[in-house]
Amino acid sequence: MAKEVRTIGVLTSGGDAPGMNACIRAVVRQGIARGRKIMGIRRGYSGLLNEEIVPMDTHSVSDIISRGGTILQTARCPEFKELEYQKKAADICRKHGIDGLVVIGGDGSFKGAQKLSKQGINTIGVPGTIDLDIACTDYTIGFDTAVNTAMDAIDKVRDTSTSHERCSIIEVMGRGAGYIALWCGIANGAEDVLLPELYDYDEQKLVNHIIDGRRRGKQHHIIVNAEGIGHSASMAKRIEAATGIETRATILGHMQRGGSPTAKDRVYASTMGAMAADLLCEGKSDRLVAHKHGDFVDFDIDEALAMTKTLDPFQVEICQTLGNSDYKLKDK
Ligand code: ADP
Ligand code: F6P
C-alpha cells in the first residue's frame with residue numbers, strides 16, 4: 001500500500017559525478033513544490049549514521065546547477081553493509097522525520113537503499129556515476145561530462161603526439177567498465193582502444209599494429225586504455241622497447257570526475273531528480289529512475305539490480321573500423 005511521505009531526505013553516495021548538484025536541486029525544488037519538507041544528508045550513508053542532516057529550502061540549492069561535485073559531499077561507508085547499521089540509519093531517519101529518501105549514486109549505493117527500505121524507509125535511487133556501469137539505464141549522471149572532459153584531454157595529447165611522432169597511451173576511468181574508453185575511442189578516432197570487457201592481453205598484436213601504422217605514414221598512434229586494464233606506464237615502456245617508437249603514458253585520473261556538467265547532464269539529472277521526488281510523493285518505494293531506449297522510466301530496485309548489460313557490439317565494431325584498426329579484439 002502506498003505510504004504518504006511528508007519529509008524527503010536526499011544524499012549522494014560513492015564516487016561524485018558532474019550533474020549530481022543539478023539532481024539535488026531538482027529533488028529539493030520539486031519536493032517543495034509538492035508541499036514536502038526536504039532534508040539534506042551530508043557525506044552519504046556515513047553522514048546519515050553521524051546524523052549530519054540539514055533542512056534544505058529552495059535557496060539552499062541556488063547557484064549550484066553549473067557546479068561539478070556534490071554540495072552534500074559524498075563518502076563510502078563500508079559498515080553500511082551490516083544490518084545493525086542499516087537499522088540504526090532507519091531509526092535516525094525516523095528521529096528526523098525522514099520517511100522517504102533519494103539516493104544518488106551507483107549500484108553499491110542502491111544496495112544500501114534496498115536495505116534501508118527493508119527497515120521501513122521509502123527509497124528511490126537515481127543513477128549517478130561517470131562509469132555508466134548501471135545495467136538498468138542507458139544514461140548515468142556525469143558520464144557525458146566525463147567523456148567530454150576525457151575527449152578534450154585526448155585531443156590535446158594527440159597534438160603533441162603528432163608533433164613528436166610518438167605513440168601515446170591515455171588511460172581513462174571507468175573502474176571495471178569500458179564505456180568511457182569506448183566513447184573516447186570513437187570520439188577521438190583512436191587507433192586502438194583497450195576495453196576490459198574484451199581485451200585479450202595479446203600485446204604483440206598492438207605492437208604489430210603500431211609498426212604497421214608507422215610504415216603507412218601515421219604520425220601518431222593513440223591508444224585509449226581503460227582503467228580496468230591499467231598498467232599504462234609499464235605498457236608504454238614495453239611498447240617503446242618493442243617498436244623503437246617513443247611512447248608516453250598519460251593517466252587522466254580524477255580530472256574526469258570534475259568540472260561543470262554538460263547541458264545533457266544538467267537536463268537529464270534535473271529530470272531524474274524531479275522524477276525521484278514525484279515517485280516518493282506518490283508513495284512509491286524501492287524504485288530506480290532510469291533512461292532506457294530514449295525514455296525516462298523507473299524500475300523495481302530488485303529487478304534493476306539483477307539486470308546485466310554489455311558494451312554495444314556495433315559501437316565496438318565501428319570503434320575498430322573507423323579507427324582504422326586492422327587487428328580485432330577477441331571476445332572473452
Ligand atoms: P557506488 O554507489 O558508486 O557503486 P560503492 O560501491 O563504493 O559506490 O558503494 C557506495 C556505498 O554504498 C558503500 O560505501 C556502502 O555504504 C553502500 N553499499 C555498497 N554495497 C552495499 C551493500 N551490499 N549493502 C548495503 N550498503 C552497501
Ligand atoms: O566510480 C567512479 C570512479 O571514478 C571510477 O571510474 C574509479 O575507478 C573510481 O571511482 C575511483 O575512486 P576513488 O575516487 O575512490 O579513487
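Coordinate-derived values only; no laboratory data. All values reported here derive from a predicted model rather than from experimental measurement. A quick note on method: Cβ atoms are made from the backbone with ideal geometry, for glycine too, and the neighbour counts reach across all protein chains shown.
Dipole magnitude of the chain about its Cα centre, charges +1 at Lys/Arg Cβ and -1 at Asp/Glu Cβ only, in debye to the nearest 20?
720
Applying 1/(1 + (r/R0)^6) with R0 = 35 Å to the Cβ-Cβ distance of residue 322 and residue 62, what FRET efficiency is obtained, to the nearest 0.05?
Calculated value: 0.20.
What FRET efficiency comes out for the pair residue 241/residue 310, r = Cβ-Cβ distance, R0 = 30 Å, nearest 0.05?
Given R0 = 30 Å and the Cβ-Cβ separation, E is 0.30.
How much mean residue ellipticity at 222 nm does the chain get from its helices, if each DSSP H run of length 4 or more adds -39500 (n - 2.57) and you divide by all residues, to the nearest 500 deg cm²/dmol?
Value at 222 nm, helices only: -12500 deg cm²/dmol.
Which of the aspartates and glutamates could a cross-linker bridge to residue 88, judged by Cα under 16 Å and excluding same-chain residues fewer than eight apart?
Answer for residue 88, where 16 Å is the Cα cut-off: 51, 52, 79, 99, listed by chain and number.
Starting from the Cα of residue 156, draw a straight line to each of the aspartates and glutamates and keep only those under 20 Å, dropping any in the same chain fewer than 8 residues away.
144, 165, 171, 191, 192, 227, 246
Just going by the charge dipole of the chain, with Lys and Arg at +1 and Asp and Glu at -1 on Cβ, which of 39, 184, 198 is farthest out on the positive end?
The one lying farthest along the dipole's positive direction is 39.
Quick check on my link table: of 81/292; 115/284; 118/309; 87/115, which ones sit more than 18 Å apart, alpha carbon to alpha carbon?
Result: 81/292; 118/309 exceed 18 Å.
Find how many whole Å separate the alpha carbon centroid of region 89-143 from the alpha carbon centroid of region 258-313.
Value for the Cα centre distance between the two parts: 11 Å.
With contacts defined as alpha carbon pairs under 8 Å and 6 or more residues apart, what's the relative contact order of the chain in percent?
Across the chain, relative contact order equals 24 percent.
Where in region 158-227 are there GluC sites (Glu not before Pro) that are in a DSSP coil and have at most 16 other Cβ atoms within 10 angstrom of their Cβ?
The qualifying sites are 165.
Let me know the charge dipole size of region 179-322 about its Cα centre in debye, to the nearest 20, where only the beta-carbon of Lys, Arg (+1) and Asp, Glu (-1) is charged.
800
Arranged by the count of other C-beta atoms within 10 angstrom, fewest first, what order do 193, 103 take?
Taking fewest neighbouring Cβ atoms as first place, the list is 193, 103.
With an 8 Å cut-off on Cα pairs and a minimum separation of 6 or more residues, tell me the relative contact order of region 41-198 in percent.
14
Would you calculate the separation in nanometres between label points at residue 215 and residue 264, each defined as 7 Å from the Cα along the Cα-to-beta-carbon direction?
3.8
Residues in region 109-124 near a label at residue 94, defined as backbone nitrogen under 16 Å from the 7 Å Cα→Cβ point?
116-123
Is the C-alpha gyration tensor of region 58-149 telling us rounded, prolate or oblate? Criteria: a/c under 1.5 is rounded; beyond that, a/b larger than b/c is prolate, otherwise oblate.
Values: a/c = 2.27, a/b = 1.46, b/c = 1.56.
Judged from the Cα gyration tensor, region 58-149 comes out oblate (a/c at least 1.5, b/c at or above a/b).
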